[in-house]
Structures are given as structure tokens and as C-alpha cells.
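Data first, discussion second: the structure below is written as C-alpha cells.
The values are calculated or read from the model by the stated rules, or taken from the named source; none is laboratory data. Keep in mind that this is a model prediction, so the values were computed, not measured. Cβ: placed from backbone, ideal geometry, glycine included. Neighbour counts: every protein chain shown.
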Amino acid sequence: MSWSRCSTETGLCPLWSAAVTTEPDHREPQPARPEHHPADLAVGAFSDDPPWLVEPANLAWRAGIDELRTSTRAEAPVLTRRRMAPPGVRVLRVCTLLGRAFAGWYALDRRRGTSVSRAGLSRRLRRAFERLGPTYIKLGQVLSSGEGIFPEELVAEFRLCRDQVPAESFGAVRRIVEEDLGKPLHELFASFDPVPVAAASIAQVHAARLSSGEEVAVKVQRPQVSQLVRRDLAVMSWIAPLLVGRIPAAALGNPPALVDLFAETIVEELDFRLEAQNMLDVARVLVDTDQHALVVPRPHPQLVTRRVLVMERLEGYAWGDAKTMRAAGIDTEAVISSALIAFLEGAILFGVFHGDLHGGNLFVRPDGTVALLDFGITGRLDEPSRLAFLRLIMAGAANDATGQVAAMRDLGALPADVDVGAVVHDLGLDRPLVDPTTLSSEELTSEIRNITKALFGYGARMPKELMLFVKDMLFLDGAMATMAPSIDLLGEIVKILTHLQVHHGERIARELGLVPGGIPAVDMTAIRASFALSEDVEHLTHSELIERRELIRRRLEHTRHRKHRP
């Protein structure tokens, strides 16, 4: 395996992971775990070959970390508060570029059919975002990873802006590292590659070797990006309400709500001490759930500041390179299964999970374990929300529509005073199951329109943590196409639910207010219902699921074309 420089198409992660050649790796089988594990494996899921040990009580940068997180979270609503007057001269450039994008769409694309209209608007917005710089490119990256949440035209277009951020000069990087770490670069590092292995909107990462000999990855924040992000959030929050009702609702959803969500995620990314703590928290969750299939890089005990994060450098196969992994003897289906279980356990049992899974933020090590990278965005559920999320998952497994809607209400996706029974009825959740592939294109369109209208009518919204969870699940679902296309999804869900019952059944029963052992047995009828499958379906591979989705997509497109045909 050799290190490679790569674009930011897959985010920051590739920079400290190793690229693998396309030829099979004929190395000797990896040795078993050492008999004496490193001491810090008791506090986190880390590698077996530590460059240093993580001792939480002796990490200088953790002083006041809880207060720092609280104050940072409190900043987001202040930055996005509604303003009567434009917030500074920056708004002029933003309005000019976005105004041109919308004017071009209105004049040339708006009446050319739904799909063409959305594609045209998405393309024009992407070009405007690229010209507006790092904050807007970061927003574009968030949109580009929201497949299944945002329209496919928007997602596809904003994927193109992932590699549009040029790297900062080495002089700027050196200055930030030396200012934050308090020493000349040559005293801290025996070597420091001046060319980053990846550069994204907020930061870039460099390969380096400490003066003490450890191979590390150094994440360095871009100069002035913190001030620029805060200024741009103020501009976004002023412009967003002006877009409501002036663009297709299906294209961008609720712009003010999207800005609020974006602010909640990006402000924490601006302080790398919070990211380092996120690494420790996720690593701790993996240990507490006895997960050995995933590992987290160790943050350095001293070399972490607001703008610099030095961490352990790990190596592995690029995520999704299933052919090479299989040639090396790695069970890619087991990799996906372990990732799904660990992700669910972290969310429902501890309320902590990696919030930005994509192909650049994880890779597979030669021993088959998955390395998680880039913890700038992490889902954190408070205790009431975690319990609501647990109820949502278990109600879904039992096909309990009323329980699911009540849990969504408690998560904040629906107003607190909503009539749960009315929502169930209006969404048709109390009607017999209908396989969507048996519906005509007109029936599908009508069903989606009715559901969307009902949700908007009830004031539905997407809370941050729920959006992050859905986005991650959609990524793992998509990863199955290459990593496990033949896996039986119905059997996999049974496996996951059985794992939760066996390993955490008593705790789940207690938290749900059930008697010990009171969790219902796995219900295949409920599992089929989650996929809208008829009772005679025994197996469903991911490839077959994709075929079903493609059939539904074609029927919806057929309706759109008929509607807009001259």
C-alpha cells in the first residue's frame, strides 16, 4: 500500500488513509491481536499498535471541553437569528451571485419540466456556491451527501463541487501550526509534507512525522475560515426567508430550516478540540458495546488546538474497493454488517454516533476492521431524545405505526401537541400494506403528493440528529451495492435485531418500560412491511431492492413527462 494525494471528492479522510493499488495484496496474513493489549483499549476502540497511549485525565486540551461544547452550540442560533437589515457588505456579493442563478433558472429552465427545472436550478446554484467560497462549498458538500433526503438532481450536481477548494499555501499552514502549537515547525516534526494529501472547505491534512518518530496526520484549519463562516451564516439567515415560496418547494425544502441545520453542524467543526473529544467519545461507545470491528485514530495528548489536530495515522483499503478487499481475504459483507450494528448501538444505547459517513471518512484495514475518520460532525442525542430514538427503532421493528409517529414527535420532527392518531390516519399508516411497485405512475405520484402535503400541514421538520442518522443509513445502504450486493436484507435485519436482543435486551426492555424479556420476538411481517413487501417474499437482496427503486423512479418520471408534454 502506498500513500496517494487525492482531491476532496471524498472529503478529508483519504489524507491519512492509505490508497491501495488495484492489484491484490499478497502480504502474509495479519498476526493475531497481541496477548497484552495496549492499556488505552479499555477506554476506546483504537489500534493495537499505539504511537502513544490515550489517558483521558492527562489530555491537556480537554480542560473545559464540556463548557466549550455548550457555548459553541449556543452560538448557532445567535448566528442565524432573523435580522431586519442586511448583515454587512458580504450580502451584496451573495445576493448578486444567487440572484443571477435564480434569474437564469427563471428565464430558461423553470418551464421545461420538473426534472429539467430542478437540474437547471441545481447547476446554477452549484456554480454560484463555488464562486462564494468555503462556507458555501461546505453547504454544497452537505447537500451532496444527502441522497434520499434532497432531490437527486441537487445531490448529483453538488457532488461536482467537492474538489473545488484549492489548498492553502505551505507558508500559511506553517504559520497556523507554529502559532497554535507554540514552537517552530522543525522542533515539532522531523518531516512535514508541504503538499496536503487532501484539502476541503474548512481544513486540509498533511502527512508528517513527529520529532519523536511517530507517523501522524496533521489537520490544519484554513486561515480566516472561522470568521468567514460566521459572517456567511449571518448572510444566509437573512437571505433564506426571502426564498420561501419563490422556488420549487421540492427543490430545496425549507431554506431557513436548512440554514439552521447547517449552522448547528458547522460551528462545532470550527474547533478541533471538539473534534478530538468526538473521537474519544465514539471510541468509548465502541468499547462499551464490545465492538472490535471498528477503530478510531488516537488524538495526540498535547498537540490539539482550536485550529490544529495531530492524530495517529492509519492505513487501509479505500472504502468501496470490494474487489481488492475480497482478493486480500476480507469478508466485505461482514464489514458492512459490523458497521451497521455498531452505528445502531451507538445511536440507540449511547446517543453518540459519527454524523458524516461517506466513502472518504472510513476505510478497511488489512485485518478487516473499519477505521472511522473525520469527526467534525457527530450526532449527539440528549437522554429524552435517545429514548425517543430507541422507541422509534423498536416500533419500526414491530410495525407499530402509532409508536413510530409518537417517537418522531418526541424527537422534535413533529410539533409537541400534534394529534398522533390524526397523523397516522392522514399518512395512511393505518391502511393495509400496498407494494409501491404494484401502483401505476399516477397512483405513485398521488400517494407521494398526499403524504408530502400532510407532513407540511403538520409542520414536520428534520431535526439535526435525525437528519444525520438518516443520511448515514442511506450511505450504508448505498455501500451495499458494491460491498454486499447479494446479502439478504431481510435476513440481515433479523440478524441485527437478534443481536440487539441478545446483547442489550434487558437494558432495552428496562428503558422501554417493559418487563425483563418483554421485547417482542423478531417479526418477519413487520420487517417485510418496512420494505412494503407482500407476505410471500422470503428474501430480498440489495440488488433486488435497487431494481424495485428503479421501477418506482421510472414510473414517477413517466408521470412527470406526461404532465409536461406539449
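Okay, here's what the table says:
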item	result
Options Asp271, Asp288: the member that is charged (D, E, K, R), under 27 Å from Phe46 (Cα atoms) and in the same structural domain as Leu372 (by TED's automatic domain parsing)	Asp288
Selection from the range 192-221 of residues that are in contact (Cβ under 8 Å) with a residue 24 or more places away in the chain and not in a strand (DSSP E or B)	Pro194, Val195, Pro196, Val197, Ala200, Ser201, Ile202, Ser211, Glu214
Enumeration of residues in the range 359-371 that are surrounded by fewer than 21 Cβ atoms within 10 Å (Cβ to Cβ) and modelled with pLDDT under 90	Gly359
The range 43-58: number of residues that are in contact (Cβ under 8 Å) with a residue 24 or more places away in the chain and part of a helix (DSSP H, G or I)	2
Close pairs (9 angstrom Cβ cut-off, 6 or more residues apart or separate chains): touching a residue at least 60 places away in the same chain (Cβ under 8 Å) in the range 166-177, aromatic (Phe, Trp, Tyr) anywhere	Val177/Phe189; Val177/Phe192
Given (1) in a strand (DSSP E or B); (2) surrounded by fewer than 22 Cβ atoms within 10 Å (Cβ to Cβ), index of the condition Phe353 fails	(2)
Among (1) among the β-branched types (Val, Ile, Thr); (2) more than 30 Å from Asp367 (Cα to Cα); (3) at pLDDT 90 or above, the one test that Val54 misses	(2)
Val165 being among the aliphatic types (A, V, I, L, M) and touching a Lys or Arg at 6+ places or on another chain (Cβ under 9 Å)	yes
Test: residue in the range 425-436 that is assigned to a helix (DSSP H, G or I), buried (at least 16 other Cβ atoms within 10 Å of the Cβ) and at pLDDT below 80	yes
Number of the exception - Met84 against (1) among the aliphatic types (A, V, I, L, M); (2) loosely packed, with under 12 Cβ neighbours inside 10 Å; (3) not in a loop (DSSP other than H, G, I, E, B)	(3)
Members of the range 133-153 found to be at pLDDT 85 or above and either surrounded by 21 or more Cβ atoms within 10 Å (Cβ to Cβ) or outside any helix (DSSP H, G or I) (or both), listed by number	Gly133, Thr135, Tyr136, Ile137, Lys138, Leu139, Gly140
Test result for Glu345, acidic (Asp, Glu) and assigned to a helix (DSSP H, G or I)	yes
Where Ile348 falls short, out of the listed (1) closer than 17 Å to Val470 by Cβ; (2) of a type outside the set (Asp, Glu); (3) surrounded by fewer than 21 Cβ atoms within 10 Å (Cβ to Cβ)	(3)
Single match in Arg409, Arg391, Arg386 (criterion: within 21 Å of the chain's Cα centre (by Cα) and of a type outside the set (A, V, I, L, M, F, W, C))	Arg386
Residue tally, condition crowded, with 21+ Cβ neighbours inside 10 Å and within 30 Å of Val220 (Cα to Cα), over the range 376-411	5
Pick from the range 39-74, criterion hydroxyl-bearing (Ser, Thr, Tyr) and surrounded by 14 or more Cβ atoms within 10 Å (Cβ to Cβ), ranking: farthest from Glu215 (Cα to Cα)	Thr72
Residues (at pLDDT below 95 and not aliphatic (A, V, I, L, M)) located in the range 257-275	Asp260, Phe262, Glu264, Thr265, Glu268, Glu269
Residue list for the range 523-566, filter: part of a loop (DSSP other than H, G, I, E, B) and at pLDDT 70 or above	Asp523, Phe531, Ala532, Leu533, Ser534, Glu535, Asp536, Val537, Glu538, His539, Leu540
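Table: residues versus (1) part of a helix (DSSP H, G or I); (2) aromatic (Phe, Trp, Tyr); (3) in contact with a Phe, Trp or Tyr (Cβ under 8 Å, 6 or more places away or on another chain); (4) without any contact (Cβ under 8 Å) to a residue 24 or more places away in the chain.
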residue	(1), (2), (3), (4)
Pro223	no, no, no, no
Ser237	yes, no, no, no
Ala263	yes, no, no, no
Glu275	yes, no, yes, no
Met279	yes, no, yes, no
Ala283	yes, no, yes, no
His300	no, no, yes, no
Val310	no, no, no, no
Glu315	no, no, no, no
